[in-house]
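Here it is, the structure in full.
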Amino acid sequence: MSAVTEPLPAHTLRPATRADLPAVLALLADEDQVVDPATVVVTEAYERAFVAIDTDPRNEMLVLVEDGGTVVGCLQATYIPGLGKGGAERALVEAVRIRADRRADGLGRTLMAHAITRARSRGCALVQLTSNKQREAAHRFYAALGFARSHEGFKLAL
C-alpha cells in the first residue's frame, strides 16, 4: 500500500499488522455486537492466512484505527488480473466490517472510498464485492455508494 492516509480526524487507515489480527478476527466474528479481541483465539490457520495476505502484492488487509489504537474497521482488497475489460485488473473487496458500536459514523464510507481510490490508482476497471443475502443493511450501504446489483453470485463450500 502507498502512504498512510488520514481518512477522518482521529482515525488512521493503514495496512494491518500481525498485532491487529485478533481485532480483525473480532470484527469478522460477529457483526451485530462488539467482540473483545482478547477473547479471540488466533489459530495457526489464521496465522498462515494473514502471512499469505501480507506477503502477496495483490492482496491487502487494511484497518481503520482510532487515535487510542483501537481497530474499528477493516477490509481486504484483492487485485485480480484478467482478460476481460481490456486486460485491466479488477479489485475484489471482502471482509468489510465496522465495529457494531461505531456504525453510522461514516467509517464504512471512508473504508470503501479508500478501496475505490486504491483500485483506480492501480488501473483497475472495476471494483466488485459479494455480500451475504441476509445483510440487507450492507446492501443498502453498497447501493448508496453506487454499487449495482449486476450479477448473481454463486458459491460452493468445499
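The values are calculated or read from the model by the stated rules, or taken from the named source; none is laboratory data. No experiment lies behind these values; they were computed from the predicted model shown. In this analysis, Cβ positions are derived from the backbone assuming ideal geometry, glycine residues included, and neighbour counts consider all displayed protein chains. Each accessible area value is taken on the protein alone, full model and side chains, heavy atoms only, with ligands, DNA and RNA left out. Shrake-Rupley method; radii C 1.70, N 1.55, O 1.52, S 1.80 Å.
Go over the candidates ARG90, ARG122, ARG97 one by one and state the one that is within 30 Å of ALA19 (Cα to Cα), charged (D, E, K, R), touching a strand residue (DSSP E or B) at 6+ places or on another chain (Cβ under 9 Å) and free of Cβ contacts under 8 Å to residues at least 40 places away in the same chain.
Result: ARG90 is the single residue among ARG90, ARG122, ARG97 that is within 30 Å of ALA19 (Cα to Cα), charged (D, E, K, R), touching a strand residue (DSSP E or B) at 6+ places or on another chain (Cβ under 9 Å) and free of Cβ contacts under 8 Å to residues at least 40 places away in the same chain.
Would you check if GLU66 is in contact (Cβ under 8 Å) with a residue 40 or more places away in the chain, open to solvent by 30 Å² or more (accessible area, probe 1.4 Å) and not hydroxyl-bearing (Ser, Thr, Tyr)?
Answer is yes for this residue.
How many of the residues in the range 79-126 are among the β-branched types (Val, Ile, Thr), outside any strand (DSSP E or B) and surrounded by 14 or more Cβ atoms within 10 Å (Cβ to Cβ)?
2
Quick one: in the range 10-39, of everything that is in a helix (DSSP H, G or I) and open to solvent by 60 Å² or more (accessible area, probe 1.4 Å), which residue is nearest to LEU75 (Cα to Cα)?
For the range 10-39, the residue satisfying everything is LEU28.
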